[in-house]
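Student: Attaching a single structure in structure tokens format; questions to follow.
The values are calculated or read from the model by the stated rules, or taken from the named source; none is laboratory data. Being a predicted model, the structure only gives us computed values, none of them experimental. Don't worry about glycine lacking a Cβ; one is built from the backbone with ideal geometry, like all the others, and counts go over all protein chains shown. Heads up: the accessible areas ignore ligands, DNA and RNA and are worked out on the full protein's heavy atoms, side chains in. Shrake-Rupley method; radii C 1.70, N 1.55, O 1.52, S 1.80 Å.
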Amino acid sequence: MELQTRISVSQSPFQLNHQSPLLMVGSCFTEHIGEQLLHGGFEVMQNPFGILYNPLSIVECIQRCLTLQPLGNDDMVQYRGLWHSWLHHGSFSNKEKDQLLESSLLQQRQAHQFIERGCQLIITLGDAHYYTLHDSDYVVANCHKMPASAFDLHCATVEEVVDSFVPLLDQLQQFRVQVLFTISPIRHWAYGAHGSQLGKAVLMLAVDELLRRYPQQCFYFPAYEIMVDELRDYRFYADDMLHPSSLAQRIIFDHMLQAHANADTCSLIKQHSQLYAMQSHRPINPESEEYRLFEAKLNAMKETMNKKYKQ
């Protein structure tokens with residue numbers, strides 16, 4: 001008996017390869033997949049503004065990486081001894097304002113270089129809900145644990161999401177950047193079961209429209225559908241019953257490779273992953289003969305891969 005409704009993922013024109021750098025922007029699910037790609041030997045940059053969830057902030061992040069527009073005074077706030085950016089995740093917050101500016105611009109420059117090189121861009125949209133500063137239209141990417149009274153909650157419409165992405169996608173075309181959209185399988189329970197589904201539905205409809213308008217540039221991978229249908233059993237969820245477990249993340253990643261990587265790329269990913277696992281090995285006795293042989297085997301594998309795959 002088949003006890004799962006399996007998601008069939010066909011081969012996509014968006015094909016991963018080790019010659020193209022990967023820029024990944026979006027929710028924390030971006031980083032789950034990004035780590036696996038990094039271990040698989042890809043040149044990866046993850047979340048130059050930190051983890052982002054709403055589509056409007058994601059567009060702003062990529063736009064600023066394109067233009068290299070630095071943070072202005074209106075983009076920052078000091079709260080409880082730290083300087084925060086309204087456009088960045090809290091991991092960028094710093095006691096020194098200049099350090100926040102420097103670290104953010106450094107990430108923008110690196111992302112800009114990826115785009116100039118014609119990177120492949122993977123965008124993971126988390127939720128259509130977003131916050132603005134109270135009585136303002138300024139969209140914040142993170143509330144930095146400030147009082148709720150400082151913000152107003154909104155849910156983007158399909159038209160808002162599409163209209164925000166269109167100018168960005170037009171600009172990315174000049175760099176021949178292909179975009180793979182995914183929707184995070186993580187449910188946003190703060191908005192309730194129905195609210196979470198509404199947020200995902202807006203994102204799905206918006207991405208569908210973008211794929212219709214940009215059929216040669218934009219593609220879609222059904223991470224959300226795999227999670228809620230094929231992996232609907234709670235054994236595939238973490239302890240909070242909202243996030244995918246590590247097993248679910250690996251299954252979704254395997255589906256991604258099935259759709260977006262050929263046999264040679266998959267073989268190289270496997271070899272890089274084996275090397276990463278070996279390099280992460282902590283020896284009990286680094287001076288032992290056993291470890292010396294292990295290191296020799298590791299170096300031989302590296303040399304063989306360098307000869308076979310010139311990157």
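Student: Roughly how many Å² of Glu116 are accessible to a 1.4 Å probe, to the nearest 10?
Tutor: My reading of the accessible area for Glu116 is about 110 Å².
Student: Work out the FRET efficiency for Gln11 and Leu105 from their Cβ-Cβ distance, taking R0 = 35 Å, and round it to the nearest 0.05.
Tutor: 0.35
Student: Follow-up. Mind checking the full-extension length gain between Cys155 and Ala238? Use 0.36 nm per residue of separation minus the Cα-Cα distance, one decimal, nm.
Tutor: Using 0.36 nm per residue and subtracting the Cα-Cα distance, I get 27.2 nm.
Student: Give the accessible surface of the chain per residue, rounded to a whole number of Å², with probe radius 1.4 Å and ligands, DNA and RNA excluded.
Tutor: That works out to 51 Å² for each residue.
Student: If I histogram all Cα-Cα distances within the range 37-178 using bins 5 Å wide from 0, what percent of pairs lands in each bin?
Tutor: Reading the bins upward from 0: 2, 9, 18, 22, 20, 15, 9, 4, 1, 0.
Student: Quick one: what are the phi-derived ³J(HN,Hα) couplings along the range 248-259, Karplus 6.51/-1.76/1.60 with θ = phi - 60°, whole Hz, x for glycine and proline?
Tutor: 4, 4, 5, 5, 5, 4, 4, 4, 4, 5, 4, 8
Student: At a 1.4 Å probe radius, carbon and sulfur cover how many percent of the accessible area of the chain?
Tutor: Carbon with sulfur: 51 percent of the solvent-accessible area.
Student: With charges only on Cβ, +1 for K and R and -1 for D and E, what is the dipole size of the range 1-130 about its Cα centre, in debye, rounded to 20?
Tutor: 20 debye
Student: Now a separate question. What net charge is computed for the residues neighbouring His154, neighbours being all others with C-beta under 12 Å from the C-beta of His154, Lys and Arg scored +1, Asp and Glu -1?
Tutor: -4
Student: Let me ask something else. For the chain, what are the per-bin percents of Cα-Cα distances with bins 10 Å wide, up to the bin holding the maximum?
Tutor: In whole percents, the pair-distance histogram is 6, 24, 32, 24, 11, 3, 0.
Student: Amide H of Tyr237: which non-local residues (sequence gap of 5 or more, or other chain) have their own amide H closer than 5 Å, using H built in the peptide plane?
Tutor: Ser245
Student: Run the numbers on the chain and let me know its relative contact order in percent, using alpha-carbon pairs under 8 Å that are six or more apart.
Tutor: Here the relative contact order equals 22 percent.
Student: Given R₀ = 45 Å, FRET efficiency for Ala193-Gln216 by Cβ-Cβ distance, to 0.05?
Tutor: Efficiency, from the Cβ-Cβ distance: 0.75.
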